[in-house]
1. Looking only at region 73-100, which residues have a backbone nitrogen under 16 Å from a spot 7 Å from the Cα of residue 184 in the C-beta direction?
2. Would you be so kind as to identify which of 234, 110, 167 lies farthest towards the positive end of the dipole of the chain, taking Lys and Arg as +1 and Asp and Glu as -1 on Cβ and the Cα centre as origin?
3. A 22 angstrom limit on the alpha carbon distance is what I want to check against. Which of 33/238; 27/135; 27/152; 33/122; 122/152; 33/115 exceed it?
4. For residue 176 paired with residue 64, estimate the spin-label separation in nm (one decimal), with each label point 7 Å from Cα along the Cα-to-Cβ line.
5. Out of all DSSP beta bridges with both ends in the chain, state the antiparallel percent to the nearest 5.
6. Can you give the charge dipole size of the chain about its Cα centre, rounded to the nearest 20 debye, using +1 on the beta carbon of Lys and Arg and -1 on the beta carbon of Asp and Glu?
7. Can you give the angle from 0 to 90° between the axis of helix 134-147 and the longest principal axis of the chain, with both taken from C-alpha atoms, to the nearest 10?
8. Calculate how steeply helix 10-24 sits against the longest principal axis of the alpha-carbon atoms of the chain, using the helix alpha-carbon long axis, and give the answer as 0 to 90 degrees to the nearest 10.
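Every read-out reported here was derived from the displayed coordinates using simple, explicitly stated rules and does not represent laboratory data. All values derive from a computational prediction rather than experimental measurement. Here the Cβ positions follow ideal geometry from the backbone for every residue, glycine too, while neighbour counts run over all protein chains shown.
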Amino acid sequence: MRPARALIDLQALRHNYQLAREVTGAKALAVIKADAYGHGAVRVAQALEAEADGFAVACIEEALELRAAGIRAPVLLLEGFFEADELPLIIEHDFWCVVHSLWQLEAIEQARLSKPLTIWLKLDSGMHRVGLHPKDYHEAYQRLLASGKVAKIVLMSHFARADELDCVRSDEQVAVFQAARQGLSAESSLRNSPSVLGWPNVSSDWVRPGIMLYGATPFGEDQAVAARLQPVMTLESKVICVRELPAGEPVGYGAKFITPKPMRIGVVAMGYADGYPRHAPTGTPVLVAGQRSQLLGRVSMDMLCIDLTDVPQARLGSTVELWGKNILASDIAVAAETIPYQLFCNLRRVPRLYSGA
């Protein structure tokens, strides 16, 4: 059996969720969209359900998967509904729903609903992706209440640059949000992972930890609270071939690496078809046989090459950690000029093995 696999530590997941609660004192929706960022949404929800205040997913398909698996906790649809005919399903399964556009508000006003909805009313405070314009926000709130079809409204927005700790944009967005919600009596939700970790002065009754749940930092620099996160996923495989090469020999496609001296090369069963980034360059860190080493040459679809020259204990069958508790996903992301979010979400073909249930 091919040795590539992803080990998922559910105890680390629970630690990270509890950290979000600890540092904010707020209720926390665990964000498990995109199959829990590649970690397996159902297993993640099952591991957290006893303590989580609820979950957040992108769309109704993801939410229905949770209900089919027996998850009864609140589930928020972060993009709301895409068609008005989703509203009966939202009612049937007791989903919470974001409203970010006037057409969604109008669809609720016109719908015949068997019971009222829980709505998270989203403001565009400056990210300019989705959300109501500040001039429409107060009226939208009042129209939802007047419709008689809403049991509760939570006021929300989303930060565009909270992962930049020295950027004033988050403070500007908070000011826009506070002005738009003036006179509205409702709970609020502003803080995503970077603002949970790095913006302690932002008031938020609900927080929405996403990437931090999985133990990866959203920051490009060291940050005290992020340092307390525990990596949840360890992506590993094994050495399937060992080559002794003289100086001057090319390694891999395109001869992107030429041996500068006699070298011992290990071939690992891991490639971009598994989700490892193709553009990770020579020098990207790996851990082989318990010792730090590096990637060599271009990543192939199913294999990659690593340096065993100074790892004498490494041999055929030695375990290789591509990212995890020793080689951080954020370090791989920096080397490959991407982000940990994409590394996790791109994972495929690799079986997931769970521990700490």
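1. Within reach of a label on residue 184: 80, 97-100.
2. Of the options given, the answer is 234.
3. Too far apart for the 22 Å limit: 33/238; 27/135; 33/115.
4. Label-label distance for residue 176 and residue 64, simple model: 3.4 nm.
5. Of the beta bridges lying entirely in the chain, close to 50 percent run antiparallel.
6. Magnitude of the dipole: close to 760 debye.
7. 60 degrees
8. On a 0 to 90 degree scale, this one is about 50.
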